[in-house]
Amino acid sequence: MAVIQEQCSESQEAVVLPLILPQLRAKYDLSKRADTIPQSYAQMGGEELDRRIAAARATLGERLVILGHHYQRDEIIKYADFRGDSFKLAQQAAMRPQADYIVFCGVHFMAESADILSGPHQKVVLPNPAAGCSMADMANIAEVEECWEMLHELLGDDAGLIPITYMNSAANLKAFCGRNGGIVCTSSNAPAVIKWAFMQGKRVLFFPDEHLGRNTALRYGITEEQMAVWNPKNPMAADDADEEIERAKIILWKGYCSTHMRFSVQQIEKARADYPAIKILVHPECRREVVDAADFYGSTEYIIQQIEQAPAGSQWGVATEINLVHRLAQAHPEQFIFCLDPIVCPCSTMYRIHPAYLAWVLEALVEGEVINQVRVDEETAHWARVALERMLAVH
Ligand code: SF4
């Protein structure tokens, strides 16, 4: 069985590296964060990069640990000492105290979490500092604090609000939750975290992913009528915004993952029509209707586990990032696995970890120079740790 898939334009190498070629610098004048790699690395061929990454890695030995998120491309993931989702990788960082350098092949908030959980002598490096997460960037501390104040003004002393931030958020938002009696969640433990939050208070403010919040709350028994959506760009726009918030048990931040928003019910219907025995497996960052139409839903680690445990001959239509789906398909030729999105599109921010950046930062480490280090200040790290530790205590 073959599924025809095309490449989306965002997935081309050209999106990542031309930013650093001189003739395009003027055009991309505002892309300062990406405009820092030496041109010699930008112009190196794949084989040379490969050879230089392997050599630098061998020289650094035990002093280095490379962490690779499941959504990284094959040319990067093959160098990872550990693969995992964001939280699992941050824990791996904490479990390798002998490593002086933790090179995190993922996105910015993940490197921050690794810095928070690793030892003071360890340095966390994000090969390309422009690798952010578009969803995490949809909530910033100024907007969240403004929202918090407005909600308390409206709801008064009896608000009983507990903030929950998804792991995919900046360190200062995790710290905000730590300071305000709140907690962090991952896509695996979100149901248990919501239950915990309702044992502490009356209402939840959930950010930055509206969809993970809604999908989890629905399964906890909260109805759509008991949810309100907070649009940070225009918070109280609706005429009945006050009443909606007053009756809400959960207030969902209007943020989303552009990768998981590509999946639709139509894709699921088509997969079922084409392959009647197909099982649909989706990530909870997808829209509610996609999750409702699926057979199974769960975190990245859950998706991997489902496929690893399935018998030969199983058929899967999967709604998550394409690099992971391709690897699962390659690792399990005895099953039929494909991505539900016919236009193959990787997470464009994860994709910014190009091998040229990895070679550059590793060779600098060999020379004793730390490039693109991610550091979280002590005060922020303390309160973020409080929120993360609350999460770890929840079962
Ligand atoms: S897949 Fe979505 S949530 Fe994950 S890093 Fe990319 S943009 Fe962020």
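Residue under question is S134, and the condition is that it be touching a helix residue (DSSP H, G or I) at 6+ places or on another chain (Cβ under 7 Å), surrounded by fewer than 22 Cβ atoms within 10 Å (Cβ to Cβ) and part of a loop (DSSP other than H, G, I, E, B); does it hold? It would help to see each step written out before you state the result.
Numbers: touching a helix residue (DSSP H, G or I) at 6+ places or on another chain (Cβ under 7 Å): no; surrounded by fewer than 22 Cβ atoms within 10 Å (Cβ to Cβ): yes; part of a loop (DSSP other than H, G, I, E, B): yes.
No, not satisfied.
Which condition number in (1) surrounded by 24 or more Cβ atoms within 10 Å (Cβ to Cβ); (2) without any contact (Cβ under 8 Å) to a residue 60 or more places away in the chain; (3) under 22 Å from C347 (Cβ atoms); (4) not basic (K, R) is the one that N140 fails?
(1)
Restricting to region 309-367, what's the tally of residues that are of a type in the set (V, I, T) and under 18 Å from the mean Cα position of the chain (by Cα)?
Going through region 309-367, the residues of a type in the set (V, I, T) turn out to be 318, 320, 322, 325, 337, 343-344, 349, 353, 361, 366.
Of the ones still in play, those that are also under 18 Å from the mean Cα position of the chain (by Cα) are 318, 320, 322, 325, 349, 353.
Number of matching residues: 6.
When the residues of region 327-348 are filtered to those that are in a loop (DSSP other than H, G, I, E, B) and of a type in the set (S, T, N, Q), which remaining residue is modelled with the lowest pLDDT? Don't jump to the end; show me each part of the working.
Quick first cut of region 327-348, residues in a loop (DSSP other than H, G, I, E, B) only: 332-335, 340-342, 345-348.
Subsequent filtering for residues that are of a type in the set (S, T, N, Q) retains 335, 348.
Numbers: Q335: 98, S348: 84.
Here the residue is S348.
Out of curiosity, is P97 over 21 Å from W383 (Cβ atoms), touching a Phe, Trp or Tyr at 6+ places or on another chain (Cβ under 8 Å), outside any strand (DSSP E or B) and away from the ligand (no atom under 14 Å from the Cβ)?
The answer is no for P97.
Among the residues of region 89-108, how many are more than 11 Å from V65 (Cα to Cα) and touching a residue at least 60 places away in the same chain (Cβ under 8 Å)?
Going through region 89-108 one residue at a time, the tally reaches 3.
Given the residues S118, S113, which is the only one that is more than 16 Å from the ligand (Cβ to nearest atom), buried (at least 18 other Cβ atoms within 10 Å of the Cβ) and either in the same structural domain as Y166 (by TED's automatic domain parsing) or hydroxyl-bearing (S, T, Y) (or both)?
Values: S113 fails: more than 16 Å from the ligand (Cβ to nearest atom).
Answer to the check: S118.
Go through region 210-261 and give me each residue that's polar (S, T, N, Q) and touching a strand residue (DSSP E or B) at 6+ places or on another chain (Cβ under 9 Å). Can you show your working first?
Let us first name the residues in region 210-261 that are polar (S, T, N, Q), namely 215-216, 223, 226, 231, 234, 258-259.
Scanning region 210-261 gives N215, T216, Q226, N231.
Mind checking which pairs have a first residue in region 220-231 that is in contact (Cβ under 8 Å) with a residue 40 or more places away in the chain and assigned by TED's automatic domain parsing to the domain that holds V144 and a second that is of a type in the set (V, I, T) and not in a helix (DSSP H, G or I), Cβ under 8 Å, 6 or more apart or different chains?
Pairs found: W230/I251.
Between residues in region 321-342 that are closer than 23 Å to S86 by Cβ and residues that are assigned to a loop (DSSP other than H, G, I, E, B) and among the hydroxyl-bearing types (S, T, Y), which pairs lie under 8 Å by C-beta distance while being six or more apart or on different chains?
If the second residue must be assigned to a loop (DSSP other than H, G, I, E, B) and among the hydroxyl-bearing types (S, T, Y), the pairs left are E321/Y71; E321/T259; N323/Y71; L324/Y71; C339/T320.
Pairs under 6 Å by beta carbon, first residue in contact (Cβ under 8 Å) with a residue 60 or more places away in the chain in region 48-71, partner of a type in the set (D, E) and surrounded by 19 or more Cβ atoms within 10 Å (Cβ to Cβ), six or more apart or different chains?
As it stands, the answer is Y71/E321, since those pairs meet every condition given.
Select, from K233, K254, the only residue that is more than 25 Å from K88 (Cα to Cα) and modelled with pLDDT of 95 or more.
Working: K233 fails: modelled with pLDDT of 95 or more.
Result of the check over K233, K254: K254.
The values are calculated or read from the model by the stated rules, or taken from the named source; none is laboratory data. This structure is a prediction, so every number in the text was calculated from the model and none was measured. Please note: Cβ atoms are built from the backbone with ideal geometry, for glycine as well, and neighbour counts cover all protein chains shown.
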